[in-house]
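So the structure is just underneath, and the comments pick up after that.
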Amino acid sequence: MNHRPFDDWLLADQPLTAQQTRDLQAHLQNCPQCAALAEVNLALSSARLVPPQAGFTDRFQVRLAAQKRSVRVRNFWGFLILVVSVVSILTWLAWPVLKIVLQSPVDLLASWLSNLVALWASLQAMSHVSAVLLRVMPGFIPVSAWAVLLLAAGGCSLLWAFSLVKLTKNAQGV
Amino acid sequence: MTDVTAWIVQAQHGDDEAFTNLVEAFQTPVYNLCYRMLGEAGAAEDAAQETFLKVYQNLGRYDRERSFPTWLLSIAAHHCIDQLRRRRFSSISIDEDEEGQTELPDRSAPDPETEIERKQEKDRLHRLLQSLDPTDRAAVVMRYWNDCSEDEIARTLHLTVPAVKSRLHRARRALATLWQEQAARSGPRRRPYESPAF
């Protein structure tokens, strides 16, 4: 049996004309398949929404609070694991030094102090030598050498200023 | 700005009370979709609650240009489809879990017999729905219970409009075939379209 256009009419959202309704009714009397489709369509169209049991929102709030709590706990444990991991890795990397420190902390402290004192003494000696050199050197260098040195420094400064002006002009042109 | 839009904006700024208003407003369509999809009250309650939790977590990503109910139903439908796929091979008895949830016949109605018949028909339809493929079922539920257009169903289920049309047609035909088989087993009865109201 040809079910077209009856099944299209049955499932269409638009209202049918009087003639179409009569034709459809006549077809439904003789076609059990389309009759079942009509019944299903009618049952689906008249079906109502099933609401949840009362207190759905309250139950949701309880669930949301529990979830927020579990997220907080998870975040805390995550942070703790991260901190423990970082501390463990740093300890593992620094273990050779830590081992020495733990074995003889006083010796290590004394060695660090003596190194600091030696460094301080070296710096002081270097500053003395520099001061003496600055005081003595001008007497050894002739006046002509100073003139050449000054001229070279002036030339370099001019060259530097010229290139700076040139570069700035080029940059403005862009 | 409508109430719903205002609640969405407030909820996106961290107002839990506004989100509670959204839950209050949309609990029935979401629960109904889950119930029709999963076929049992307990699972539907869980799925609806999970849907709202997902919405709460992802509300910041919601695009206000989209329809909120469509977005909400999309999350619910996909959650239910996932649930059904997970339990595909386990058999579930609808009868055991429906206690206290199915619509009871209204004995005070003018015609209790018609009311009982109507209730039986709804139960029958509910059972038949469970025989459909999850995506087809979601399309049918959204079309008939949530009054979604084919375009909205397509966007919700990530399908094309012709695919939705084809799925709806196939699903209704499948339901009609099962309906016919059950009717043949239960004996002759008056058909609704034979009534003068049809």
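Cut-off 10 angstrom, C-alpha nodes, Gaussian network model of chain A. Which of A:Ala131, A:Ala145, A:Ala118 fluctuates the most?
A:Ala145
Among A:Ser111, A:Ser157, A:Ser130, determine the one that fluctuates most according to a GNM of chain A built with springs between C-alpha atoms less than 10 Å apart.
Per the Cα network of chain A with a 10 Å cutoff, A:Ser157 tops the list.
Using R₀ = 22 Å, calculate the FRET efficiency as 1/(1 + (r/R₀)^6) where r is the Cβ-Cβ separation of B:Leu53 and A:Trp77; round to 0.05.
0.60
If the convex hull of the alpha-carbon atoms of the protein assembly as shown is projected onto planes in all directions, what is the mean projected area in square nanometres?
Averaged projected hull area, Cα only: 42.9 nm².
Cα extents of the stretch A:53-174 along the three principal axes, largest first, in whole Å?
Ordered largest first, the stretch A:53-174 gives principal extents of 106, 65, 19 Å.
Mean-square fluctuation check for chain A, GNM, Cα pairs under 10 Å: which of A:Pro52, A:Pro15, A:Pro96 is largest?
Highest fluctuation among the options: A:Pro15.
Counting other beta carbons within 10 Å of each residue's own, what order do B:Lys119, A:Lys166 fall into, fewest first?
Details: B:Lys119 15, A:Lys166 10.
If I rank by nearby Cβ atoms, fewest first, I get A:Lys166, B:Lys119.
For A:Cys31, A:Cys156, B:Cys80, B:Cys148, which order do you get if you count the other beta carbons within 10 Å of each Cβ and list the fewest first? Provide the component values of the computation, followed by the final result.
Values: A:Cys31 18, A:Cys156 10, B:Cys80 26, B:Cys148 22.
In order of increasing Cβ crowding within 10 Å: A:Cys156, A:Cys31, B:Cys148, B:Cys80.
Going 7 Å from the Cα of A:Ala153 toward and past its Cβ, which residues in the stretch A:112-137 have a backbone nitrogen under 17 Å from where you end up?
Within reach of a label on A:Ala153, which here means backbone N under 17 Å from a point 7 Å along Cα→Cβ, the stretch A:112-137 contributes A:134-137.
Identify unpaired cysteines across the protein assembly as shown, taking unpaired to mean no other cysteine Cβ lies under 4.7 Å from the residue's Cβ.
Within the protein assembly as shown, the cysteines lacking a partner Cβ under 4.7 Å are A:Cys156, B:Cys34, B:Cys80, B:Cys148.
Multiply the residue separation of A:Arg69 and A:Asn30 by 0.36 nm, subtract the distance between their alpha-carbon atoms, and state the gained length in nm to one decimal. Could you put the intermediate results ahead of the total?
Working: separation 39, 0.36 × 39 = 14.04 nm, distance 6.36 nm.
So the chain would gain 7.7 nm between A:Arg69 and A:Asn30.
In nm, to one decimal, how far is the A:Thr91 label point from the A:Phe140 one, both placed 7 Å along Cα→Cβ?
5.9 nm
Going by how many other Cβ atoms sit within 10 Å of their own, how do A:Ile89, A:Ile100, B:Ile8 line up, fewest first? Provide the component values of the computation, followed by the final result.
Numbers: A:Ile89 10, A:Ile100 13, B:Ile8 21.
Listing A:Ile89, A:Ile100, B:Ile8 from fewest to most nearby Cβ atoms yields A:Ile89, A:Ile100, B:Ile8.
None of the figures in this text is laboratory data; all of them are computed from the coordinates on show. For clarity, every value in this text was computed on a predicted model and none was experimentally measured. Every residue, glycine as well, gets a Cβ built from its backbone with ideal geometry; the counts of neighbours run over all protein chains shown.
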